[in-house]
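Following: one structure in structure tokens, then a few remarks.
The values are calculated or read from the model by the stated rules, or taken from the named source; none is laboratory data. Keep in mind it's a predicted model, so treat the numbers as computed, not measured. Glycine also receives a Cβ, built like all others from the backbone with ideal geometry; neighbour counts cover every protein chain displayed. Quick note on the areas: whole protein, heavy atoms, side chains included, nothing else; ligands and nucleic acids left out. Shrake-Rupley method; radii C 1.70, N 1.55, O 1.52, S 1.80 Å.
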Amino acid sequence: MTSNRPTPAPDHPHAAPSARRAAANPHAAPAVGALPGNPHITTSPPAPPSLGTPETASPMSTRLPTQLSGQPATPAPLSQPTPSPSPAPFTEEPCLTLTSPTDVLAAVPYLVGFHPTASLIVVGLAQGQAKMVARWSLPFPPGTLDAMSPLFGRENITEIVIVGYGPGDLVTPAVDEARRLAAKDGVHVGEALRAHEGRYWSYVCSMATCCPAEGTPYDLSTSQIAAEATVRGLVALPNREALERTLAPVTGPVRMAMRRATSAAIADFQARITTATDLNAFAEQYVSEALARVRSALETHSDGGRLNDAEAARLGLDLTIMRVRDEAWTLMDDSHALLWKDLTRRLEPRFTPPVASLLAMAAWRSGNSVQATIALERALTVDPCYSMANLLMHALHNLLSPAILRGRLPTPAELDETMGPACASWLLPLINLLAEEEDPPVALD
């Protein structure tokens, strides 16, 4: 153990309820589950996820049920929260059993979607079920974790697992803050680990026999967690930069084809609006066509198809109109993430804020808040004042659950009633965007 760690808790090391029942393994810990896919919002202008920018995922899904215990206990499914405080009933659903700190460290990359460095990870549990995962880059200012307090209450979190990555002088202050916050809110810390250069230290264990001062070597390849997580379809990329590349703009011939398609779509719109004799009537017709294109695009992707370049470029223009973008927002489904991810990569950069924000919404809804964060960074890099992106970023900064929006989004009919008939002013965002300089050339590599 490093000399700068806080004073260990007075109770037995790793003294989660399940650990107390499993005296043979003092490193047993509570249940932790993974998020669907690659789980995982910045300010204006955006910054990388540091200085207190959280990347969160809440609530947990059933994708990777997990039980951390030191014995082959009856597996507790990580599905919907158990409605009573009694233990979860037996289930045939396979569970991933984590029996050591090495297993915990092997599971974390699949919880956040990449192998973290200089990071603090907090996993929240309720009634033996993982409800949230949050990641912060280190270091961060004091008070950064305060947003967890209301989250503990909203999600009925009773226990947390803390994992910090990096040297002690970087990690220990963050772990101390998380432990203080948990103590203030009456939340049990089931485990608190620091991992660095192939060794781990526990902040809740004072026994030199199992937690030596020099740290305990660990080898993730000795854990079956990675193999089991991969079988369940989870991915842990090498680092966050690798995740960012999954949303990077396309390049080469694909980019040039999209640039030609975008120029054609712009020319068509400009020709039509230039010859229009009644701009309000033209706006009404154009918006009606654009709404139909949104619905058609969603249907195409639902059927396993993909928009061609001309369709994608035209939709990029359409979605700059707020009423059209909001149509996609109100119809949002988790499965729509594939469409918005495709367009975030293919559209010319100045047209990406709407689609990147829609991708962030879809990703956040499905528990993939790291993808949501990266998508919002893309949107805010292009337009730091884009309201939808800033709204979602605020929600993620404050560790809000996407459940707060369920049942609260207006229907398309309610949008029509609130906004009224289309008029020429609705087209101003698109007209103003087209008046800007074209996007710079993109490398053909």
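What order do Lys341, Lys184 take when sorted by accessible area (1.4 Å probe), most exposed first?
Of Lys341, Lys184, the descending order of accessible area is Lys184, Lys341.
In the full protein assembly as shown, how much of Phe152 is accessible to a 1.4 Å probe, in Å² to the nearest 10?
That residue has around 10 Å² of solvent-accessible surface.
Would you mind counting up the charge near Ser221? Only other residues with Cβ under 14 Å from its Cβ, with Lys and Arg at +1 and Asp and Glu at -1. Walk me through the numbers before you get to the answer.
Working: positive: none; negative: Asp103, Asp219, Glu228.
Around Ser221, the surrounding residues sum to -3.
Loop only per DSSP, at most 10 neighbouring Cβ atoms within 10 Å: give me the GluC sites (Glu not before Pro) in region 96-198, ordered by residue number. All intermediate terms of the calculation are to be shown ahead of the outcome.
Numbers: sites: Glu155, Glu159, Glu177, Glu191, Glu197; in loops: Glu155, Glu197.
Passing sites in region 96-198 are Glu197.
Scaled to the compact-protein estimate 2.2 N^0.38 Å, what is the alpha-carbon radius of gyration of region 289-428, rounded to two decimal places?
On the way: Rg = 14.2 Å, N = 140, 2.2 N^0.38 = 14.4 Å.
So the Cα radius of gyration is 0.99 times the expected 2.2 N^0.38 Å.
To the nearest 10 Å², what's Arg154's accessible area with a 1.4 Å probe?
Arg154 has an accessible surface of roughly 100 Å² with all protein chains in place.
Leaving ligands, DNA and RNA out of it, rank Glu417, Glu284 by accessible area with a 1.4 Å probe, largest first. It would help to have the intermediate numbers written out before the result.
Numbers: Glu417 155, Glu284 105 Å².
Putting Glu417, Glu284 in descending order of accessible area: Glu417, Glu284.
Can you give the accessible area of His115 in Å² (nearest 10), computed on protein heavy atoms with a 1.4 Å probe?
70 Å²
What order do Leu339, Leu331, Leu433, Leu391 take when sorted by accessible area (1.4 Å probe), most exposed first? Don't skip to the answer; put the middle values down first.
Values: Leu339 0, Leu331 50, Leu433 25, Leu391 100 Å².
Final ranking, largest accessible area leading: Leu391, Leu331, Leu433, Leu339.
Normalised by the residues of region 177-275, what does the relative contact order come to in percent, with Cα pairs under 8 Å and at least six apart? Mind dumping the intermediate values first?
Values: 38 pairs, mean separation 11.8, N = 99.
Across region 177-275, relative contact order equals 12 percent.
What shape does region 298-366 have by the C-alpha gyration tensor, where a ≥ b ≥ c are the square roots of the eigenvalues, rounded means a/c under 1.5, and otherwise prolate means a/b greater than b/c and oblate the rest? Present the calculation step by step, with values, prior to reporting the outcome.
Numbers: a/c = 1.42, a/b = 1.12, b/c = 1.27.
Note, shape of region 298-366 comes out rounded.
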